[in-house]
Amino acid sequence: METAPGRFKQGYTTGARSLATRAVTRLAGTRVTPNTLTATGVSLCLAAAVIVPFEDRNTILFYWLGAGVFVVGSVLDILDGALARAGGKTTPFGAFLDSTTDRVGEGAMLSAIALVFARSGNDTAVVFTVAATAGSFLVPYARAKAEALGLRGDVGLGSRAERVVVITAGLVLAPWGGLEWAILLLAVTAWLTVLQRILHVRKQLNHGGPDV
């Protein structure tokens, strides 16, 4: 039986996928490829990671500019999969590239945030940022290993879309101290999601197959 958080996630995930499919319908008939969106998305995320550490010059300007560039890059990196499916352009290399660049863009932004905390002497926030980074990397890894075993590993609320929302919200609210709380939330939800996926895989193995 699906839990309330699971139903909630399924609801907004279905809605987001529907919007993404409509957004890329026109692109599917052009020469724009999913790999182009992937490369553009990760480039913007890297640019955002470069922008954020300049917050000491103008807090609101550089935090908000970094947040805007990061969210646009992340959306493009999410839309590449929808474009591949809509245009029949899915390839094994494209899927591999997409998964890899997701980690690059997110890791770069979290590294930039850790640098900001370290520069201000906030060691506790640096520790939570490192924990958030490790947890964020383990979330998709746990899913990939589960699916390699023929099992479901997509449970939990700490997937890529949720992490993008939390990081972006943290950057927007950073001038008022919101970034630390966002990173704390990111770390907790990421590690809870890893634990959920481990327990979910164990449950499926004990019951002889994947949940449907």
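Here, each number is a calculation from the coordinates, and none is a lab measurement. Source: prediction; values computed, not measured. Cβ: placed from backbone, ideal geometry, glycine included. Neighbour counts: every protein chain shown.
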Could you go through region 55-68 and let me know if any residue there is out of contact with any His (no Cβ under 7 Å at 6 or more places or on another chain), among the aliphatic types (A, V, I, L, M), in a helix (DSSP H, G or I) and surrounded by 20 or more Cβ atoms within 10 Å (Cβ to Cβ). yes
For region 150-158, check the following and say yes or no: at least one residue is in contact with an Asp or Glu (Cβ under 7 Å, 6 or more places away or on another chain) and small (Gly, Ala, Ser). yes
Per the filter on region 91-103, residues of a type in the set (Val, Ile, Thr) and surrounded by 14 or more Cβ atoms within 10 Å (Cβ to Cβ) are Thr101
Qualifying position, being closer than 22 Å to Ala67 by Cβ and of a type outside the set (Asp, Glu), among Leu157, Leu199: Leu157
When you check Gly170 against the structure, is it of a type outside the set (Lys, Arg), surrounded by 15 or more Cβ atoms within 10 Å (Cβ to Cβ) and either touching a residue at least 24 places away in the same chain (Cβ under 8 Å) or on the phi < 0 side of the Ramachandran plot (or both), yes or no? yes
Every residue from region 116-153 that is surrounded by fewer than 19 Cβ atoms within 10 Å (Cβ to Cβ), assigned to a loop (DSSP other than H, G, I, E, B) and either in contact (Cβ under 8 Å) with a residue 24 or more places away in the chain or of a type in the set (Phe, Trp, Tyr) (or both): Asn122, Leu149, Gly150, Arg152
